[in-house]
């Protein structure tokens, strides 16, 4: 497996949709109390962490710090290739101001929902929780002597002596990032979004959607509700998608236009609506600088 150090939690194919004419993104980072200054960077320089998807060995040997190094990054790359094709096809349809029909519509829509769900489960803060849960489970297994003597011998022979915790973490990450059976994070998120109405929006000329290192805004009408009432995702500087609680029994999909004020309202919701993102990203520097002046520290 290739040793990829800089591992993205927001895919570069998505970030590239927000670059300016010279291939740069305009970015502003958030610290605990305020936003920094807007700077320009290539997609490679944002929304990534060193060895994000690698699992550290509990008993590192020489320079071999990780177990199954590169396996998750490689698997994510294959998934991204499929989702990128669907993402670009959807944008091409929206450029023509139409939606696909029949099976193609269902396929592109499902892959869009998978893409949005993957932005959530790949976020470092989400993965921190996954790893914490894995550590608790591994400790329980060790305390209850889960491994037999034969298991211990087999792990020794495979170079995994003392690596129960690492193996459990690897299994947890695989489940969180790739598995779709009932009860997994991806399956739950996908079912939630598929159960909502959907509207694609196009910004009028001169208006721009921004995005973020966590580019999903979710709203609840009541804190006691299991599922949200709405979710928002910027597709590109020109397009966005809004999911809302169903208003009818059958599925409902539509397209519409938003003026400058409506686009900026969605930008503000993304900026001020959660405390998960650490970077705001835009094609247009002036747009980002103007929005940053309205930043409300803390989020929700």
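A single member of 193, 94, 177, 147 is out of contact with any helix residue (DSSP H, G or I) (no Cβ under 8 Å at 6 or more places or on another chain) and surrounded by 12 or more Cβ atoms within 10 Å (Cβ to Cβ), and it is 94.
Quick one: how many residues across region 97-114 are in contact (Cβ under 8 Å) with a residue 60 or more places away in the chain and touching a helix residue (DSSP H, G or I) at 6+ places or on another chain (Cβ under 7 Å)? Here the count works out to 4.
Tell me, please, whether a residue that is buried (at least 19 other Cβ atoms within 10 Å of the Cβ) and farther than 16 Å from residue 35 by Cβ can be found in region 244-256. The answer is no; no qualifying residue exists.
Could you run through region 31-61 and say how many residues are part of a strand (DSSP E or B) and either at pLDDT 95 or above or touching a helix residue (DSSP H, G or I) at 6+ places or on another chain (Cβ under 8 Å) (or both)? Can you show your working first?
Quick first cut of region 31-61, residues part of a strand (DSSP E or B) only: 35, 39-41, 48-50, 55-61.
If we keep only those that are either at pLDDT 95 or above or touching a helix residue (DSSP H, G or I) at 6+ places or on another chain (Cβ under 8 Å) (or both) as well, we get 35, 39-41, 48-50, 55-58.
Residues that pass the stated criteria total 11.
Would you mind listing the strands (runs of 3 or more DSSP E) fully within region 173-286 where at least 1 residues are closer than 19 Å to residue 10 by Cα?
Details: elements: 196-203, 217-219, 230-234, 239-245, 253-258, 279-282.
Correct list: 217-219, 230-234, 239-245, 279-282.
Looking only at region 1-30, residues that are in a loop (DSSP other than H, G, I, E, B) and surrounded by 15 or more Cβ atoms within 10 Å (Cβ to Cβ) come to 6 in all.
Among the residues of region 196-210, what is the count of those that are under 11 Å from residue 260 (Cα atoms) and surrounded by 14 or more Cβ atoms within 10 Å (Cβ to Cβ)?
Initial filter on region 196-210 (under 11 Å from residue 260 (Cα atoms)): 202-209.
Of the ones still in play, those that are also surrounded by 14 or more Cβ atoms within 10 Å (Cβ to Cβ) are 202-203, 207-209.
The qualifying residues number 5.
Only one of the numbered conditions (1) closer than 21 Å to residue 47 by Cα; (2) touching a strand residue (DSSP E or B) at 6+ places or on another chain (Cβ under 8 Å); (3) part of a loop (DSSP other than H, G, I, E, B) is not met by residue 69, and that is (2). Here the helices (runs of 4 or more DSSP H) wholly within region 73-167 that include at least 1 residues being closer than 30 Å to residue 194 by Cα are 102-121, 124-143. Has region 150-158 got at least one residue that is over 16 Å from residue 127 (Cβ atoms) and buried (at least 17 other Cβ atoms within 10 Å of the Cβ)? No, region 150-158 has no match at all. Answer yes or no as to whether residue 68 is in contact with a helix residue (DSSP H, G or I) (Cβ under 9 Å, 6 or more places away or on another chain) and under 28 Å from residue 138 (Cα atoms). So residue 68 fits the description; yes. Here residue 76 meets the list (1) over 20 Å from the mean Cα position of the chain (by Cα); (2) at pLDDT 95 or above; (3) surrounded by 18 or more Cβ atoms within 10 Å (Cβ to Cβ) almost entirely, failing just condition (1). Within region 264-277, if we keep just the residues that are within 13 Å of residue 29 (Cα to Cα) and modelled with pLDDT under 95, the residue that is surrounded by the fewest Cβ atoms within 10 Å (Cβ to Cβ) turns out to be 275.
Answer yes or no as to whether residue 298 is modelled with pLDDT under 95, farther than 23 Å from residue 191 by Cβ and either in contact with a strand residue (DSSP E or B) (Cβ under 6 Å, 6 or more places away or on another chain) or surrounded by 12 or more Cβ atoms within 10 Å (Cβ to Cβ) (or both). First the steps, then the outcome.
Working: modelled with pLDDT under 95: yes; farther than 23 Å from residue 191 by Cβ: yes; either in contact with a strand residue (DSSP E or B) (Cβ under 6 Å, 6 or more places away or on another chain) or surrounded by 12 or more Cβ atoms within 10 Å (Cβ to Cβ) (or both): no.
Judged against the criteria, residue 298 is not a match.
The values are calculated or read from the model by the stated rules, or taken from the named source; none is laboratory data. Fair warning: this is a prediction, and the values are worked out from it, not measured in the lab. Heads up, the Cβs are rebuilt from the backbone with ideal geometry, glycines too, and the neighbour counts pull from every protein chain shown.
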